[in-house]
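The values are calculated or read from the model by the stated rules, or taken from the named source; none is laboratory data. Because the structure is a prediction, the values reported are computed rather than measured. Neighbour counts run over all protein chains shown; Cβ positions are idealised from the backbone, glycine included. What goes into the accessible areas is simple: the full protein's heavy atoms, side chains included, and nothing from ligands, DNA or RNA. Shrake-Rupley method; radii C 1.70, N 1.55, O 1.52, S 1.80 Å.
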Amino acid sequence: MTARRCGCTTRRDVARGHGASCTHNVGAGARNRAVVAGVATVVLLTAACGALPGSVTSVDAVTFDQELAIPPLAESEVVDGVRTFSLTAQEGTTSFAPATEPGTQTETWGFDGAHLGPTLRAERGERVAVDVANDLDEATSVHWHGMHLPPAMDGGPHQEIEPGGTWRPTWEVDQPAATLWYHPHPHGETEEHVYRGLAGMFILDDDATRAADLPSGYGVDDVPVIVQDKVFDDAGQLDLTDDGGEPGTLGGVVMANGTVGAYHEVTTERVRLRLLNGSTARTYTFGFPDRSFDLVASDGGLLEAPLELDQVRLAPGERAEIVVTMAAGETTRLASTETDLGSVAVPFAMGGDDAFDVLELRAADELTPSPEPAWEPSQHADGDALDAADATVTRTFELDERRINGERMDPGRIDEVATVGDTEIWEVRSTVPMPHSFHVHDVQFRVLSIDGGPPPEELAGRKDTVYLEPRRTYRLLMRFEDYTDGTVPYMYHCHMLRHEDEGMMGQFVVVEPGSDATPGPLQGAAGHATH
């Protein structure tokens, strides 16, 4: 991999208080001015040639002749009533042919393998534990994205695992069935760790999904699809550039589950795709050229009913479960079409005009019948529901360049204090014309409104990450439950990972009623995971 390093202090040094940052970690204002200048240069040069381009971040066309890799289901054992998994972060090499020359081995990272990680699966009501080991040469962490759990188990920057170290988070699963995921969250280095390949799915089941009329054969008609984009250098190694472009690296090679030019053999009338945008910066608009699909779940679980759509937009970190109907013997492709990024500056320079195929579905000559998607509410539905009338606190968050509410991330500072049991409304707004996505740890929220109007139907479900169209106000409804800790914070941040690494992140704690905790210096914070 081409390293993003120079001869001066690294972001990790700065994060740990070891000196000033290098020129790669420029101030937000300087970076934004550089971006605007760069975009202006592109516009002037292309205009001089007589026309603006359709894209400056286009994706390479490939032949779909590689069978889709299916991440294995992680093994587990129940010990003293606790379902226990194990994961090891490690180095390896991976072939990404045909994007690289045949025989080329690209240096990658993965969990329990060379690239990506196994799919963890658990049931609501189970207590789980994960024995995590770090065999890398640098510290990392494992964040359970979308999971409701104690802050000390969250896997954020306060739970980094040093090289050779181990960490054992444990918690009770108490949330609706959903497609979640796990990935590193080391302070200032998240982008690189995810880009190298550290990511995997964490699927939760409950009474509603167990009884639902939904495809459920893992890897057969219930298929994980982790979509990522990459850049390769001339030697076939991963190249993570930091040239000031927004919203970060937009790769010319798009892969599904690490497979370039992937196809999947369909043997049933309907197939369920669990889509995860695992990219560090690119936003996708998924759909098919010849058919609609049923959206059945978003980030945090099932919708109230199937929603027929032609396309769904997913920013980094967002998920969607869709059900596609196939006829015997036919072929179709999941594609990403041109993406409406909102009023961003020059969309063609930020991936908005890119259109490309992602995954080919090949139906067998005979297909096993599948029922139309349908389900009943979970027995927990009433308790899970959020009611805006219960909200007692409203907070405002402005994302402006690399800051939230005028502040860049400081691991030693608490920005917000919430009280357990409270329902809150967070009003979130991006004030700059560039893509941002907003993620909140610990909770699943409901999008109440966008600029005072109802959100589109595809945003009606439980969410933990939402794309912010510039200069629009998103009102998010959430409730803080179960876990309190005044010394270990949760995060909220932009999930464009370069933005996160460069400071677009804040911290909040959840405390007991009557606590005297206030925003300010973080006292007695937990350090790294045990060795």
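Under the classification rounded if a/c is under 1.5, otherwise prolate if a/b is larger than b/c and oblate if not, where does the stretch 142-235 fall, given a ≥ b ≥ c as square roots of the Cα gyration tensor eigenvalues? Don't skip to the answer; put the middle values down first.
On the way: a/c = 2.91, a/b = 1.27, b/c = 2.29.
Here the stretch 142-235 falls in the oblate category.
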*Taking the alpha-carbon centroid of each part, what is the distance from the stretch 295-367 to the stretch 65-88 in angstrom?*
26 Å
*Residues with amide H under 5 Å from that of M504, placed H, sequence gap 5 or more*: M409
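Would you mind working out the accessible area per residue for the chain, using a 1.4 Å probe, and quoting it in Å²?
Numbers: 19470 Å² over 531 residues.
Value returned for the chain: 37 Å² of accessible area per residue.
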*How large is the dipole of the chain about the Cα centre if only Lys and Arg carry +1 and Asp and Glu carry -1, each at its Cβ, rounded to the nearest 20 debye?*
1480 debye
*Roughly how many debye, to the nearest 20, is the charge dipole of the stretch 423-530 about its Cα centre, given +1 on each Lys and Arg Cβ, -1 on each Asp and Glu Cβ, and no other charges?*
360 debye
*Amide H of L448: which non-local residues (sequence gap of 5 or more, or other chain) have their own amide H closer than 5 Å, using H built in the peptide plane?*
R475, L476, L477
_Considering the Cα positions of the stretch 278-407, please state its Rg to one decimal place and its Dmax as a whole number of Å._
19.0, 59
*Within the stretch 128-208, report the GluC sites (Glu not before Pro) that DSSP leaves as loop and that have at most 15 other Cβ atoms within 10 Å.*
E138
*Taking 0.36 nm per residue of separation and subtracting the Cα-Cα distance, what length does fully extending L73 through T392 add?*
110.7 nm
*Mind grabbing the base-10 log of I(q)/I(0) for the chain at q = 0.09, 0.10 Å⁻¹? Debye formula, identical points on the C-alpha positions, no solvent, two decimal places.*
-0.61, -0.77
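Okay, helix-only estimate at 222 nm for the chain: each DSSP H run of n ≥ 4 adds -39500 (n - 2.57), divide by all residues, round to 500 deg cm²/dmol; what do you get? Could you put the intermediate results ahead of the total?
Details: 6 runs with 47 residues, N = 531.
Helix contribution divided over all residues of the chain: -2500 deg cm²/dmol.
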